[in-house]
1. From the residues Thr47, Cys206, Ala268, which one has its Cα farthest along the dipole of the chain in the positive direction, the dipole being from +1 and -1 charges on Cβ of Lys/Arg and Asp/Glu about the Cα centre?
2. Pairs of Cα atoms under 8 Å, at least six residues apart: use those to get the relative contact order of the stretch 44-322, whole percent.
3. Just need the relative contact order of the stretch 1-112 here, percent rounded to a whole number, with Cα pairs under 8 Å and 6+ apart.
4. On the accessible surface of the chain, probed at 1.4 Å, how many percent belong to carbon and sulfur atoms?
5. Can you tell me what share of the DSSP beta bridges in the chain is antiparallel? A percent to the nearest 5 is fine.
6. Roughly what percent of Cα-Cα pairs across the chain reach past 30 Å?
7. Can you work out the accessible area per residue across the stretch 44-322, with the rest of the protein chains kept in place, probe 1.4 Å, in square angstrom?
8. Between Asp30 and Met199, how many nm apart are label points set 7 Å from Cα along the C-beta direction?
Amino acid sequence: MATVYAMTTLTPLPPLADDLEFLSIVSEWDTEAPHNQWSASTLVPATFRPADPARVFVVTNNKGGVGKTTTAVELAAAWAAMGLRVRLIDADPQNAAITYWLGVEYPEGLPLAQRYNLRHVFLGADPDPQNANAPVREVTLDEATYPTKFENLYVVPCGADLARVEYERTTGTDNTLRYAIAESKMPFDVTVIDASRTMSLVTLACLIAGDDAIIPVKPGALDAQGVLSISDTIAKIQRRENPKLRVAAILTTMWEKTNLAREVEEQAAEDYPDAIVSPIRKTTSVGEAPATHQPTRLHAPRATAVADYGQVARLLLNPVRVA
Ligand SMILES: Nc1ncnc2c1ncn2[C@@H]1O[C@H](COP(=O)(O)OP(=O)(O)OP(=O)(O)O)[C@@H](O)[C@H]1O
Ligand SMILES: [Mg+2]
């Protein structure tokens with residue numbers, strides 16, 4: 001049966017203005033430049049290969065508050081603005097931040113019990129309480145994917161009940177999301193997953209489902225270590241469950257010109273020589289956007305962080321596709 005969505009008018013996400021103050025793109029760092037002459041730039045090593053369509057990007061770091069959710073939303077919004085169809089998966093039960101930030105548009109008249117979220121993809125729909133023998137019904141990822149108010153941008157919501165996956169797990173749970181994406185029939189160009197900082201079974205499933213990891217780092221002494229500890233996790237997953245996972249970008253979020261930011265970027269480039277390393281400049285309007293229930297790209301289209309995320313979004317995908 002075809003799903004009938006409420007006839008709300010979709011808001012197009014604006015294209016990037018081309019007179020924004022973009023960061024310069026370099027293929028190697030000028031490590032010799034003294035601090036006063038050094039300026040922020042985006043490192044795109046010659047060995048970096050942009051992704052092909054149908055890529056799954058997983059935004060991950062086991063540090064909290066480093067800009068994971070912001071990165072997932074703004075990259076998704078940037079790709080949607082380029083005309084790509086984007087599915088954004090909220091996989092952090094603690095905050096359900098994307099679900100709050102963007103909201104989802106349920107089909108008109110859809111009963112509460114049939115409003116699915118990521119938990120249902122893992123555990124199925126609860127059996128009918130009226131019928132003790134009713135089996136758990138499997139729920140596909142497509143059934144849990146809803147439009148937002150924004151053109152080309154779809155969300156798989158989640159709630160605190162996603163945590164149930166941890167204690168109701170069955171064998172093969174860690175592969176659930178990978179299979180669910182592979183079996184999806186909806187024509188998405190890109191999938192973006194906002195993974196939790198907690199290394200839960202759901203987070204593991206996200207890393208197994210991913211093709212490209214995006215690691216936001218907030219420059220700070222502890223955050224430099226944060227890159228290292230997520231590196232161990234990623235290396236382990238690459239060795240065991242998901243050899244195709246690669247680190248595509250390290251983004252220094254809430255970026256300000258400090259020696260520490262520069263050190264973190266140099267360390268990131270050394271650890272991941274094939275990845276993009278880019279600052280995302282600190283921008284007040286980024287903090288305001290969630291409460292306006294729209295991406296910063298729409299709330300403050302001229303914000304520096306919008307330019308930075310827009311540039312990274314273009315670099316990450318094959319230019320032929322995003323021309
Ligand atoms: N470029 C930026 N400029 C200014 N503030 C930012 C920027 N990026 C993120 N922030 C702010 O930093 C805070 C943390 O960001 P965010 O919620 O995206 O992090 P997170 O890693 O998803 O956190 P959590 O681990 O709690 O899920 C938010 O208040 C957000 O608005
Ligand atoms: Mg978050």
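1. Ranked along the dipole, the leading option is Cys206.
2. 29 percent
3. 33 percent
4. Values: 7700 of 14780 Å².
After summing per-atom areas, the C and S share lands at 52 percent.
5. 10 percent
6. 31 percent
7. Each residue of the stretch 44-322 exposes 41 Å² on average to a 1.4 Å probe.
8. Each label point lies 7 Å from its Cα, and together they span 4.0 nm.
The values are calculated or read from the model by the stated rules, or taken from the named source; none is laboratory data. Quick caveat: nothing in here was measured; it's all calculated off a predicted structure. Quick reminder, even Gly has a Cβ in these numbers, built from the backbone with ideal geometry, and neighbours come from all protein chains shown. Ligands, DNA and RNA are stripped out before the accessible areas are found, and what is left, the full protein with its side chains, is counted by its heavy atoms. Shrake-Rupley method; radii C 1.70, N 1.55, O 1.52, S 1.80 Å.
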